1. Put one equal scatterer on each alpha carbon of chain B, apply the Debye formula with no solvent term, and list log10 I(q)/I(0) at q = 0.11 1/Å to two decimals.
2. What distance in nm separates the two pseudo spin-label positions at A:Arg32 and A:Phe109, each 7 Å out from Cα along the beta-carbon direction?
3. What's the angle, to the nearest 10 degrees (0 to 90), between helix B:128-141's Cα axis and the longest principal axis of chain B?
4. Over the Cα atoms of segment B:1-51, what radius of gyration and what Dmax do you get, in Å?
5. Roughly how many whole Å is it from the C-alpha centroid of segment B:1-80 to that of segment A:155-201?
6. With angles folded into 0 to 90 degrees, how steeply does helix A:147-169 sit against the dominant principal axis of chain A? Use alpha carbons for both and round to 10.
7. Which value in nm describes the separation of the simple spin-label points at B:Asp125 and A:Glu9, placed 7 Å from the Cα toward the beta carbon?
8. May I ask you to derive the relative contact order of chain A, considering only C-alpha pairs under 8 Å and at least 6 residues apart, and to give it as an integer percent?
Number of protein chains: 2
Amino acid sequence: MGRREEKREDLKARLLEAARDRIERDGVANLRARDVTQDAGCALGGLYSAYTDLNDLIIHVNSITLKSLEQSLALAKVKDKSPTDRLRNLAQGYLKFALANRNLWKALFEHYLPADTPSPQWHLDEHLFLLSVIAEPLAELQPEMSAEDRAVRARTLFGAVHGIISITLEARFVGLPPERLEHELDEIVIMIAAGAASLRKD
Amino acid sequence: MGRREEKREDLKARLLEAARDRIERDGVANLRARDVTQDAGCALGGLYSAYTDLNDLIIHVNSITLKSLEQSLALAKVKDKSPTDRLRNLAQGYLKFALANRNLWKALFEHYLPADTPSPQWHLDEHLFLLSVIAEPLAELQPEMSAEDRAVRARTLFGAVHGIISITLEARFVGLPPERLEHELDEIVIMIAAGAASLRKD
DNA sequence: ATAAAATATTGAACGATGTTCAAAATAATT
DNA sequence: AATTATTTTGAACATCGTTCAATATTTTAT
């Protein structure tokens, strides 16, 4: 019988859930191998039979977070019609997700792994939906743009939106009330969308 | 005689230089107390007589980096006349600095300290020049804006610029050739500046 | 100049951490 | 039921930042 595999999957799932809960509550910087294994009900070494190491476990939590974010953004996508309004909805959806899942969201970008062991390709690929979901409305705004240029621009737009949100949610600069942040984000997206639409040819 | 104070200042300076060199070469994540103290020629515990702890030392390195960035941006400021061009120069200057001092620049924002001991106020204040230097051209673009709104908008603009740069310099998404990044950044800044100038009243 | 007091420097020791791996426990096979 | 294969365990290890009693140094007092 496949009892072996069954238990192994169960352990992986328990560790994943425990890690997710810990990160959600305390932030990724406070995740401890001894804490997750205790929560998951296994010995310390058990982590290293289910996952490569603690970073690998965190990557799998981030993978879940990305899927959850993807679902949130899919909801925000269909509500309106014009490409500009879709971009606005995407930005607002991204902000909403960041506010509602702050620690999980922060873990997506705060998690720096050693230079000699970068993120596996499958996980880097998971980030790409963020760009593709932006590229779609962009294609309507600037149909004559090449697919490559559009990908670059999508990344630029994402960087701008992400930067505005994270600079505010960090404590480095004085905080902003959420409604204010929503408004700022919206205005910038509108400006960029208007700029994109007007620059059909330069 | 003030021999005491003299030696103390010398030790602080040696530790600061050693830490700066290490961060510049290996990144802040690879800074080790034992390495800096050895480089500085003192015992391990010496660090804790000169600085509160390793984080405090890093903050002082970041303080130097901020002053250096401030000088770089001051140079970029006077070259052109129109507020839009000044904003463009600031963004390009910021990008240039980030590229030329990648690890020191990353240390400014990657350095997360424990939640119970946030950055001291004097260091948080040092970040504010980044916003004030942006607020100045903004004031010309939108003179009727209140000072508070302008501060918020400056922060938003900085977040966008910073986000675009950091999303590219991180390995999370595929890298971009520097000229391409320069161009993307410039276009976005132009769009936002144009948007700001056109929205004199809404 | 010399002794006494004040201060600074040292580095062994501590606690916390991620990771390893031989031994014990468990599951699968014969 | 016995044997083999695999998994789980947790003590041990290496590497951190940090502390603090002991030592060395500088200042002050005589």
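1. -0.61
2. Distance between the two pseudo-spin positions: 2.9 nm.
3. 10 degrees
4. 11.4, 40
5. Going from one Cα centre to the other spans 34 Å.
6. Around 70 degrees separate the two axes.
7. About 6.0 nm, to one decimal.
8. Averaging sequence separation for qualifying contacts and normalising by length gives 20 percent for chain A.
Each reported figure results from applying straightforward, stated rules to the coordinates on display, with no laboratory input. Remember, it's a predicted structure, so these values are computed and weren't measured experimentally. Counting neighbours? That spans all protein chains shown, and the Cβs are built from the backbone with ideal geometry, glycine included.
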